[in-house]
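Trainee: The structure that follows is given in the form of structure tokens.
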Amino acid sequence: MIHVYTGPTLSPDDPVLSDPRFAPRPPIRHGDLFDSGIAATDTVVIIDGLYHHTPALRHKEIIWTLGRGVRVIGAASIGALRAAELAGCGMVGVGEIYDAYAAGRIEGDDEVAVGQSTDTDLRSVTWPLVNLRHVLKLAVAADVIGADEAADVLGGLRAVHYPHRSLTAVSAISREQGAEEFARWLTSRLAEDRHFGDLKRADALLALETALSLAPTPAVPLPGLEWRTRHFRQWANMFAARTVDGIRLATSHRITYQQLFDPHFKTLWWDYLSTATGMSAAVGLPRPVACAVIRPETDLTDHDTVDRLLTRETPADRAAVARYIALNEETTRTHRGFFAEAIKNSVARRLLTALWSVPEQDLENESWARGFQGARDATDATKTFVLGYLHDREAAR
């Protein structure tokens, strides 16, 4: 499978993506490469990405993906920029924009940045500098504009913040620089062909062709390409998810539900620690103390680990998690200012004492014994489930 992250360079419903080997996806963002649907034998094509109002894709996520044996191709937009930065790690760069970044002829992120429509088609409403560079080069070759005038027009658009680099801005700057003929020529050419001068689109199409041509040959990761920092593990755990019974749920939510609601989870956690870390050295310690002192880095992308921690999970448990998360999302939409993290600590702690049948002074030890990093960690984790639990209690009455 070839996973193509695109929009607006190529609309996800563009006919060029109709080939069944392509899996069109929205612009890539932080966490997308942790998707369990991306197999080690797949190819990822990164064209567009989100970066302004949402965390951008990290380089380390791409390195980890390459290390799994996934072929990663970049072109046209953020894909070209990341490919130039990570070519030494095995990322494949394609197209003129990639070549320009790799050679140092262009450097800024804003060279490829565009403002996007708020509509679902994610179309671009501005002109990226790389496209204007290309169009000006064509215009100079056609004797429509002189080289010095072209440089002035490009410099004028560069001075405009990228969300405002519209075709209207290009025309206005051209007139200011005495290049009215260029403005008329560009308008005419675009009327004949809406993709005229769209270098980003041309590079994206080349990336698709490259992905298809390379697909029959498995990618070979570079030796030693491994990235396992503490922050990276936190990202991986945060985005780990699976689809079970037709419901896609975050693995962390499923495990937290067991930690909170399964009365026997303490025993399960102790057994997990005993085999995962060789807990025999701590047999003489009280269990809560041993759980606090000897603690493995739990990897929620490891299926064996997840299966062990969810061995007592039931379909009803998964349905409850899905219901609670959906209620949080609905309440966030309908009640301005609500978000689960803002629930009072005192409310979450009272819920914990009721669920675990312990006095508040024992929450610290009980939390460690259930796999949390103390009562504060347990309190924060509980907030995701408070609203749904109270809703169920009220419904039961």
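The values are calculated or read from the model by the stated rules, or taken from the named source; none is laboratory data. Computed from a predicted structure; not experimentally measured. Here the Cβ is made from the backbone with ideal geometry for all residues, glycine too, and neighbour counts use every protein chain on show.
Trainee: For A113, work out the one condition from (1) small (G, A, S); (2) crowded, with 24+ Cβ neighbours inside 10 Å; (3) touching a Phe, Trp or Tyr at 6+ places or on another chain (Cβ under 9 Å) it doesn't fulfil.
Mentor: All conditions pass for A113, except number (2).
Trainee: Now for a separate question. Residues I73, I97: which one is in a helix (DSSP H, G or I) and assigned by TED's automatic domain parsing to the domain that holds F22?
Mentor: Selected residue: I97, the only one of I73, I97 that is in a helix (DSSP H, G or I) and assigned by TED's automatic domain parsing to the domain that holds F22.
Trainee: Are there any pairs, at least 6 apart or on different chains, whose C-beta atoms fall under 8 Å, with the first in region 367-383 and farther than 17 Å from A354 by Cβ and free of Cβ contacts under 8 Å to residues at least 60 places away in the same chain and the second part of a helix (DSSP H, G or I) and among the charged types (D, E, K, R), and if so, which?
Mentor: Qualifying pairs under 8 Å: D380/E341.
Trainee: Determine whether S174 is more than 30 Å from G69 (Cβ to Cβ), touching a helix residue (DSSP H, G or I) at 6+ places or on another chain (Cβ under 6 Å) and of a type in the set (S, T, N, Q).
Mentor: So S174 fits the description; yes.
Trainee: Hey, could you check region 231-263 for residues that are part of a loop (DSSP other than H, G, I, E, B) and among the charged types (D, E, K, R) and say which is nearest to G374 (Cα to Cα)?
Mentor: My answer is D262.
Trainee: For L186, are the conditions met, namely being in the same structural domain as R350 (by TED's automatic domain parsing), aliphatic (A, V, I, L, M) and touching a Ser or Thr at 6+ places or on another chain (Cβ under 8 Å)?
Mentor: no
Trainee: Then there is this: Which members of region 321-345 meet the condition of being basic (K, R), surrounded by 11 or more Cβ atoms within 10 Å (Cβ to Cβ) and part of a loop (DSSP other than H, G, I, E, B)? Don't jump to the end; show me each part of the working.
Mentor: The first filter runs over region 321-345 and keeps only residues basic (K, R), leaving 323, 333, 336, 344.
Remaining after also requiring surrounded by 11 or more Cβ atoms within 10 Å (Cβ to Cβ): 323, 344.
The one that is basic (K, R), surrounded by 11 or more Cβ atoms within 10 Å (Cβ to Cβ) and part of a loop (DSSP other than H, G, I, E, B): K344.
Trainee: Based on what the data block shows, is P286 surrounded by 11 or more Cβ atoms within 10 Å (Cβ to Cβ), within 26 Å of Q361 (Cβ to Cβ) and either at pLDDT below 90 or out of contact with any Gly (no Cβ under 9 Å at 6 or more places or on another chain) (or both)?
Mentor: yes
Trainee: If you don't mind, another one. How many residues are within 12 Å of I78 (Cβ to Cβ) and touching a Gly at 6+ places or on another chain (Cβ under 8 Å) when one looks only at region 46-61?
Mentor: 6
Trainee: Further, regarding this structure: Taking the stated definitions as given, is R228 of a type outside the set (S, T, Y) and either assigned to a helix (DSSP H, G or I) or touching a residue at least 40 places away in the same chain (Cβ under 8 Å) (or both)?
Mentor: It is false that R228 is of a type outside the set (S, T, Y) and either assigned to a helix (DSSP H, G or I) or touching a residue at least 40 places away in the same chain (Cβ under 8 Å) (or both).
The rows are residues; the columns are (1) touching a residue at least 12 places away in the same chain (Cβ under 8 Å); (2) more than 28 Å from the chain's Cα centre (by Cα).
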position: A183; (1), (2): yes, yes
position: R194; (1), (2): no, yes
position: L206; (1), (2): yes, no
position: T217; (1), (2): no, no
position: G224; (1), (2): no, no
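Trainee: Residues that are buried (at least 23 other Cβ atoms within 10 Å of the Cβ) and part of a strand (DSSP E or B): does region 53-70 have at least one?
Mentor: no
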